[in-house]
Amino acid sequence: MNAAAWSRIAAAGARTAGWPWWLQIGALYLAARLVSACIFMAAALQQGVNPWFPPKPDYWNFINIWDARWYGEALRNGYPAVLPTDAAGNVQENAWAFYPLFPLLGRTLAGLTGMAPAAALGLIAMLSGLAAALVIYRLFRLRATHRTALWGSVFVATFPVAPVLQVPYAESLNLLLLAAALLLVVRRRYLWAMPVAVLMCLSRPTGVPFAAMAGLLFLYRVYPHLEARLPRLPRTAGEDGSGLGAGAVAGTRGHSAGELWSLAGLTAVSGLGALLWPAVAWAVTGDLQAYTKTETVWRGHDLVPFKPWFDTGVQLFGPALGLLAPFVFVAAFALLMMSRPVAALGAELRLWCVCYMGYLLVFLHPQTSTFRMLLPLFPLALAAALVSRSRAYRGTVVIMFLLLQMVWIVWLWAWAQLPGGGDYPP
């Protein structure tokens, strides 16, 4: 890019700097989605034979594939009262793996407006993504200046898997509800966070790590209150008796008894919310394991905590290094969580990232869809923006993200049959 182009970009940036924050965020988010749409359309021109439509589909058909078809099935026909099985009695793929809030909203919108179901889901996804961008900025603004929060929001909007925010998937709706719940938690509006957390639990399976985050946050906040009631022990000079340092302990104080009870309530509500959808599947089908049996169909084996990470490690790196790979990954993530930019996120957002990654380590079967499932770690986008205030650094990150969007769409979204049949899911 030549100097004249950079000058025009700088001039455009200077003009938009005076806009209200919501207009800046909205314009940047929509620009990011337009770029992603162009990548989708370019990839569609190269799309060959596939299970859904003729080669070289239009943009609308191209984004309504993969899980979008399952959400459309849940919208039109609901969820089966009897789990479908093969001749051997094994549960087959069905709609119970897809949480109900997104298709329910789509059905409501389609019923009120007469829109086609796919169009209703696509519109909800786009509006949810736009609203999520605004909420994410407000969350980031609690921890950073306007410019840094703006860049963090741009990183989220251009993340390599961000194109999923404009397709009929529930990711954009879940991102909106998760960001809103985290914003309320950081602001200590725990009672208001409860209904948001329940809705979040009905959009995608993020309830378990959110409940774990709330529970650990409660223990972290209640400790100074418990310590104040313990017998005083002799302290050496410069010590505060906790091993954390006076500044660290002072930073945890300030929660009233009412706020602590509300935080405990949020932990309980989000924990129950995480169990709500599996309980509904049990009530409708009469099978206690209806949800987990359906969810594991795509894995090809039963759920065994942690084991899939070691299996994948062995496949990628061999029998020796493969067994060490998960431990190396955990150590690297722990170092990331202790880095200065991540520490600046505050206790709530750091705890969320740790709990969500812990949830993935326990329950996830790592494969190509894992990239999409990293989207809830969006607070790390602000940490990335805090690494440096250099416009060259931040601009380079955005460019690299956009290039990786091309990789994600061409490699995973577009269908290309593997030698053994099927294709890697996005």
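Within the range 373-395, residues that are part of a helix (DSSP H, G or I) sit with their Cβ atoms under 7 Å from residues that are buried (at least 20 other Cβ atoms within 10 Å of the Cβ) and hydroxyl-bearing (Ser, Thr, Tyr), at 6+ positions apart or across chains, in these pairs: Pro376/Thr206; Pro376/Tyr356; Leu377/Tyr356.
If you go through the range 327-347 and keep only what is small (Gly, Ala, Ser) and without any contact (Cβ under 8 Å) to a residue 60 or more places away in the chain, you end up with Ala331, Ala332, Ala334, Ser339, Ala343.
Farther than 26 Å from Leu349 by Cβ, crowded, with 20+ Cβ neighbours inside 10 Å and of a type in the set (A, V, I, L, M), is that true of Ile136? Judged against the criteria, Ile136 is not a match.
Please pick out the residue among Arg107, Arg69 that is in contact with a helix residue (DSSP H, G or I) (Cβ under 6 Å, 6 or more places away or on another chain) and surrounded by fewer than 20 Cβ atoms within 10 Å (Cβ to Cβ).
Details: Arg69 fails: in contact with a helix residue (DSSP H, G or I) (Cβ under 6 Å, 6 or more places away or on another chain).
None of the others qualify; the one that does is Arg107.
For Arg340, the requirement of being more than 20 Å from Trp408 (Cα to Cα) and of a type in the set (D, E, K, R) is met. Taking the listed residues Met126, Met115, the one that is hydrophobic (A, V, I, L, M, F, W, C) and touching a Lys or Arg at 6+ places or on another chain (Cβ under 8 Å) is Met126, with no other qualifying. If I ask for residues that are in a helix (DSSP H, G or I), more than 17 Å from the chain's Cα centre (by Cα) and surrounded by fewer than 24 Cβ atoms within 10 Å (Cβ to Cβ), which ones from the range 185-206 would you list? Once the filter is applied, which keeps residues that are in a helix (DSSP H, G or I), more than 17 Å from the chain's Cα centre (by Cα) and surrounded by fewer than 24 Cβ atoms within 10 Å (Cβ to Cβ), the range 185-206 yields Val186, Leu191, Trp192, Met194, Pro195.
In the range 72-82, of all residues being among the hydrophobic types (A, V, I, L, M, F, W, C) and in contact (Cβ under 8 Å) with a residue 40 or more places away in the chain, the one that is surrounded by the most Cβ atoms within 10 Å (Cβ to Cβ) corresponds to Leu75. Of the residues examined, Ala120 is not one that is closer than 30 Å to Leu402 by Cβ and in a loop (DSSP other than H, G, I, E, B).
Of the residues Thr85, Thr113, the single one that is in contact with a strand residue (DSSP E or B) (Cβ under 6 Å, 6 or more places away or on another chain), without any contact (Cβ under 8 Å) to a residue 24 or more places away in the chain and over 18 Å from Cys201 (Cα atoms) is Thr85. Scanning the range 136-152 for residues that are assigned to a helix (DSSP H, G or I) and over 14 Å from the mean Cα position of the chain (by Cα) yields Tyr137, Arg138, Leu139, Phe140, Arg141, His146, Arg147, Thr148, Ala149, Leu150, Trp151, Gly152.
Which residues, taken from the range 72-95, are assigned to a helix (DSSP H, G or I) and under 18 Å from Pro278 (Cβ atoms)? Give the derivation first.
Going through the range 72-95, the residues assigned to a helix (DSSP H, G or I) turn out to be 72-77, 95.
Correct list: Ala74, Ala95.
Yes/no per residue for (1) over 15 Å from the mean Cα position of the chain (by Cα); (2) part of a helix (DSSP H, G or I):
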residue: Phe333; (1), (2): yes, yes
residue: Leu336; (1), (2): yes, yes
residue: Leu349; (1), (2): no, yes
residue: Trp352; (1), (2): no, yes
residue: Tyr356; (1), (2): no, yes
residue: Gln367; (1), (2): yes, no
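Is it the case that the range 334-345 has a residue that's closer than 30 Å to Thr292 by Cα and either surrounded by fewer than 16 Cβ atoms within 10 Å (Cβ to Cβ) or at pLDDT below 95 (or both)? Looking for residues that are closer than 30 Å to Thr292 by Cα and either surrounded by fewer than 16 Cβ atoms within 10 Å (Cβ to Cβ) or at pLDDT below 95 (or both), one finds at least one in the range 334-345, hence yes.
Kindly evaluate Arg350 against the criterion of being within 20 Å of Ala214 (Cα to Cα), modelled with pLDDT of 95 or more and of a type in the set (Lys, Arg). Spell out how you get there, then give the answer.
Working: within 20 Å of Ala214 (Cα to Cα): yes; modelled with pLDDT of 95 or more: yes; of a type in the set (Lys, Arg): yes.
Yes.
Does the range 317-326 contain any residue that is assigned to a helix (DSSP H, G or I), among the aromatic types (Phe, Trp, Tyr) and touching a residue at least 24 places away in the same chain (Cβ under 8 Å)? So that I can check it myself, show each step before the final result.
Pass one, the range 317-326, residues assigned to a helix (DSSP H, G or I): 317, 321-326.
Cutting the leftovers down to among the aromatic types (Phe, Trp, Tyr) gives us 317.
Then drop every residue that is not touching a residue at least 24 places away in the same chain (Cβ under 8 Å), which leaves none.
Checking the range 317-326: not a single residue is assigned to a helix (DSSP H, G or I), among the aromatic types (Phe, Trp, Tyr) and touching a residue at least 24 places away in the same chain (Cβ under 8 Å).
The values are calculated or read from the model by the stated rules, or taken from the named source; none is laboratory data. Remember, predicted model here, so these are calculated numbers, not experimental data. As a convention, Cβ positions derive from the backbone with ideal geometry for all residues, glycine included, and neighbour counts pool all protein chains shown.
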